[in-house]
Amino acid sequence: MVRIAAINYLNTIPFIFGLEARMAPGAIAMQFCTPSESAALLRDDRADVGIMPVGAISDLSDPHVISDYCIGSTGKVASVVVCSGRPIESVEEILLDVDSRTSVILTRYLCQAKWGIAPRFTPFDSRRQALDPGRCYLLIGDKALLHAGAFPYVYDLAEEWISLKGLPFVFAAWTANKQLDPQFIETFNQALEYGIRHIPEAVAKYNHQFPGDYACRYLQDNISFALDSEKRAGLTEFWRVALEKLTPRECVS
């Protein structure tokens, strides 16, 4: 049985639907978690495969990106945003969502390379602290979709990256921490593809916090699931700037 770390956000619903519909009974065991928990499960060998934040893949001693599918964007992603009570150029502190290192690294890079600011970065956990629309936050996943509208200034991080680099962005990729059987990988990818082709059914099946039409539009219009050559180029560029443009201390979430 292959242990799967599956992120429990709206943007992974098609993947979960496909895996549950198409994988043989007993072939996989899914653990539902946040992006940062997914990374920890693979790093500690408590899972074999996960939809892993790409900024944490280098933590694995033997990483293998096993799928042609990912959580990516070729335009506005909507679910990874910096939202603020004032224009970003005047922000002195950004409260960072603790759930994903990738988004933290991307925020820090955009502060340097695009916005020209050097704010304080403070960890923030929305499960324990209330949002203040007068402050500035990095929010990801369902939290961003639910709360960004309360802020007068919202900066979509995929759009900001694309405008700077001319490349799409990959937030998370299906990654294994060991070699897996090629037949399993083929079946796994077929299951993911099935889920992506049945987004309305996936949205209808699972509980979430959004109207069905809104959820379908988000998954079809904002999330780009194919890990194609353009996204691989964007991913390579992200890894390059994370290593070359930011110090190791700055890359830590």
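Here are the numbers for the structure shown:
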item: Criterion (in contact with a strand residue (DSSP E or B) (Cβ under 6 Å, 6 or more places away or on another chain) and more than 30 Å from Glu193 (Cα to Cα)) met by exactly one of Pro53, Pro63, Pro123, Pro35; result: Pro123
item: Residues of segment 97-115 satisfying the condition of being surrounded by fewer than 21 Cβ atoms within 10 Å (Cβ to Cβ) and not in a loop (DSSP other than H, G, I, E, B); result: Leu110, Cys111, Gln112, Ala113, Lys114, Trp115
item: Matching entry among Val91, Val65, Val2, Val77 (being crowded, with 24+ Cβ neighbours inside 10 Å and in contact with a helix residue (DSSP H, G or I) (Cβ under 9 Å, 6 or more places away or on another chain)); result: Val77
item: Ala47 being in contact (Cβ under 8 Å) with a residue 40 or more places away in the chain, small (Gly, Ala, Ser) and either part of a strand (DSSP E or B) or within 23 Å of Leu139 (Cα to Cα) (or both); result: no
item: Boolean, Glu244 is of a type in the set (Asp, Glu) and touching a residue at least 12 places away in the same chain (Cβ under 8 Å); result: no
item: Single condition Tyr153 does not satisfy, out of (1) surrounded by 19 or more Cβ atoms within 10 Å (Cβ to Cβ); (2) touching a Pro at 6+ places or on another chain (Cβ under 7 Å); result: (1)
item: Condition broken by Ile94, with the remaining ones in (1) assigned to a loop (DSSP other than H, G, I, E, B); (2) farther than 18 Å from Ser224 by Cβ satisfied; result: (1)
item: Some residue of segment 116-132 being within 17 Å of the chain's Cα centre (by Cα), closer than 13 Å to Ile88 by Cβ, surrounded by 13 or more Cβ atoms within 10 Å (Cβ to Cβ) and not assigned by TED's automatic domain parsing to the domain that holds Thr12; result: no
item: Residue within segment 164-183 that is of a type in the set (A, V, I, L, M, F, W, C), in the same structural domain as Val65 (by TED's automatic domain parsing), assigned to a helix (DSSP H, G or I) and buried (at least 22 other Cβ atoms within 10 Å of the Cβ) present; result: no
item: Positions within segment 227-237 being in contact with a strand residue (DSSP E or B) (Cβ under 7 Å, 6 or more places away or on another chain) and assigned to a helix (DSSP H, G or I), in sequence order; result: Lys231, Gly234, Leu235
item: Qualifying positions in segment 188-200 - part of a helix (DSSP H, G or I) and crowded, with 16+ Cβ neighbours inside 10 Å; result: Phe188, Asn189, Ala191, Leu192, Glu193, Tyr194, Gly195, Ile196, Ile199
item: Complete set of residues in segment 12-26 that are in contact with a strand residue (DSSP E or B) (Cβ under 8 Å, 6 or more places away or on another chain) and modelled with pLDDT under 95; result: none
item: Complete set of residues in segment 184-227 that are more than 15 Å from Gly75 (Cα to Cα) and free of Cβ contacts under 8 Å to residues at least 24 places away in the same chain; result: Glu186, Arg197, Pro200, Ala204, Asn207, Pro211, Gly212, Asp213, Tyr214, Cys216
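Here's the yes/no breakdown for (1) crowded, with 19+ Cβ neighbours inside 10 Å; (2) closer than 22 Å to Tyr155 by Cβ; (3) in contact with a Gly (Cβ under 8 Å, 6 or more places away or on another chain); (4) of a type in the set (Ser, Thr, Tyr):
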site	(1), (2), (3), (4)
Leu10	yes, yes, yes, no
Ile28	yes, no, no, no
Ser38	yes, no, yes, yes
Leu41	yes, no, yes, no
Arg46	no, no, no, no
Gly50	yes, no, no, no
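The values are calculated or read from the model by the stated rules, or taken from the named source; none is laboratory data. The model shown is predicted, which means the values in this text are computed figures rather than measured ones. With ideal geometry, Cβ positions are generated from the backbone for all residues, glycine too; neighbour counts draw on all protein chains shown.
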